[in-house]
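Working notes, beginning with the structure itself.
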2 protein chains.
Amino acid sequence: MTTNLNTFTGEYSYTVDNKGRVNIPAKFRKALSADNEEMFVITKGMDPCIWVYPAIVWKNIENNLKNLSSLSAINRTFIRNTVRYASATSYDKQGRIQLTTNLIDYSHLKKKTLIIGMVNKIEIWNPDKLKEIDKKNIKIDNNAYDELAEKIII
Amino acid sequence: MTTNLNTFTGEYSYTVDNKGRVNIPAKFRKALSADNEEMFVITKGMDPCIWVYPAIVWKNIENNLKNLSSLSAINRTFIRNTVRYASATSYDKQGRIQLTTNLIDYSHLKKKTLIIGMVNKIEIWNPDKLKEIDKKNIKIDNNAYDELAEKIII
DNA sequence: ATATATTGTGGGTAGTTGTGGGTAAATATC
DNA sequence: GATATTTACCCACAACTACCCACAATATAT
């Protein structure tokens, strides 16, 4: 079975143990291309969740950032908020990565987590937080959303 | 008789077994082009049913999503909603795919199912749910059909 | 009409995966 | 330098999944 490498879809329920470890779904680990050497980069998401990138995808982002001018406020903000918290971790023999307390606090993780494939990255959520955000997003700009849907969904 | 590849028509009755597997009608499997490697992607439909795409059709959607920047909140929401329930599965030697509990719940699948060819994708329904929806849709606006008439010749 | 192949449905089993906890090395604290 | 705390690595086990086989029902061929 060959799917796109470094591409993640689907939603999974897992638990954070009392050492701050979470399992990366087996499907996601299998989707990692070999040149990642079983490494992910975890960082602060733009929503209150943790973003998990394959190591080489993250390297690309870093390289792109180098080419961005710091004159732009949004660039500076993105770098400050997102890159700042990035740390590389490989998963252990049971397929778990170690989260940092910083990120656990930021995303309000307790025991139950939702791990969501977001195509080129993975999100780790507190299920309750995500529900909140989903509710808020119902009021989101519908026109822009529908435009996207029309362009992309078949 | 050879029909168009990756094109599905007709309606079939099947059962979901207690492991959450459903048979994909033989005709549909034969309609899959070779580059799919016997893989489908199942995901949440816009109606309360499961959508089943040939893998390569879904890959197109994925690639489109990869070009959306996560700096935009609306993009993030859209990606999440689109991909969250998607999972790739190849069918087993008996021609069945494994459904996820998420999707079974969402589409209210019990034992009996209707599998419907929808041209470029397949829908899996609880027959009762479909009846409900059909009733509602009888009241559909004739104007809506007139609009469609300008786009499609049947 | 009979034989043969295909298709749909059920279940068993071995291997994988998720979760908890243990131990020793590494780091920090007093 | 001795002790406490954290971190990295290892093992155990229950639960689940992928894969295999069996068989009945249907369709196809002779």
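Just so you know, all these numbers are worked out from the coordinates, no wet-lab data involved. What you see is a predicted model, and the numbers here were worked out from it, not measured in a lab. Cβ placement follows ideal geometry from the backbone for every residue including glycine, while neighbour counts extend to all protein chains displayed.
List the residue pairs whose Cβ atoms are under 6 Å apart, where the first residue sits in the stretch B:56-75 and is more than 8 Å from every other protein chain (Cβ to nearest Cβ), the second is surrounded by fewer than 16 Cβ atoms within 10 Å (Cβ to Cβ), and the two are 6 or more positions apart or on different chains.
As it stands, the answer is B:Ile56/B:Asp35, since those pairs meet every condition given.
If we scan the stretch A:133-142, do we find a residue that is of a type in the set (Val, Ile, Thr) and away from chain B (no Cβ under 12 Å)? Walk me through how you get there before you give the answer.
Taking the stretch A:133-142 first, the residues of a type in the set (Val, Ile, Thr) are A:133, A:138, A:140.
This time we only want the ones that are away from chain B (no Cβ under 12 Å), so: none.
Looking for residues that are of a type in the set (Val, Ile, Thr) and away from chain B (no Cβ under 12 Å), one finds none in the stretch A:133-142, hence no.
May I ask you to list the residues in the stretch A:26-52 that are away from chain B (no Cβ under 14 Å), within 14 Å of the chain's Cα centre (by Cα) and either away from DNA strand C (no atom under 16 Å from the Cβ) or under 11 Å from A:Ser107 (Cβ atoms) (or both)?
A:Met39, A:Val41, A:Ile42
Filter the stretch B:50-70 down to residues that are of a type in the set (A, V, I, L, M, F, W, C) and in contact with a helix residue (DSSP H, G or I) (Cβ under 7 Å, 6 or more places away or on another chain), then give me how many there are. Reasoning before the result, please.
Residues of the stretch B:50-70 of a type in the set (A, V, I, L, M, F, W, C): B:50-52, B:55-58, B:61, B:65, B:68.
From what is left, the residues that are in contact with a helix residue (DSSP H, G or I) (Cβ under 7 Å, 6 or more places away or on another chain) are B:50, B:55-56, B:61, B:65, B:68.
Adding up the residues that qualify gives 6.
Going through the stretch A:1-22 one residue at a time, which ones are surrounded by 16 or more Cβ atoms within 10 Å (Cβ to Cβ) and within 13 Å of A:Trp125 (Cα to Cα)?
Selection gives A:Glu11, A:Tyr12, A:Tyr14, A:Val16, A:Val22.
Which of the numbered conditions does B:Ile56 fail, given that it passes all the others? Conditions: (1) within 16 Å of DNA strand D (Cβ to nearest atom); (2) closer than 17 Å to A:Thr7 by Cβ.
Here B:Ile56 clears every test but (1).
Evaluate the stretch A:86-101: report whether one residue or more is within 30 Å of B:Tyr53 (Cβ to Cβ), within 10 Å of chain B (Cβ to nearest Cβ) and either surrounded by fewer than 20 Cβ atoms within 10 Å (Cβ to Cβ) or without any contact (Cβ under 8 Å) to a residue 40 or more places away in the chain (or both).
Checked against the condition, which is being within 30 Å of B:Tyr53 (Cβ to Cβ), within 10 Å of chain B (Cβ to nearest Cβ) and either surrounded by fewer than 20 Cβ atoms within 10 Å (Cβ to Cβ) or without any contact (Cβ under 8 Å) to a residue 40 or more places away in the chain (or both), the stretch A:86-101 yields no hits at all.
Count, please, the residues in the stretch A:2-25 that happen to be within 12 Å of chain B (Cβ to nearest Cβ), at positive phi and within 12 Å of DNA strand D (Cβ to nearest atom).
The initial filter retains those residues of the stretch A:2-25 that are within 12 Å of chain B (Cβ to nearest Cβ), namely A:2-13, A:25.
Then drop every residue that is not at positive phi, which leaves A:6, A:10.
With within 12 Å of DNA strand D (Cβ to nearest atom) added as a condition, the list becomes A:10.
Here the count works out to 1.
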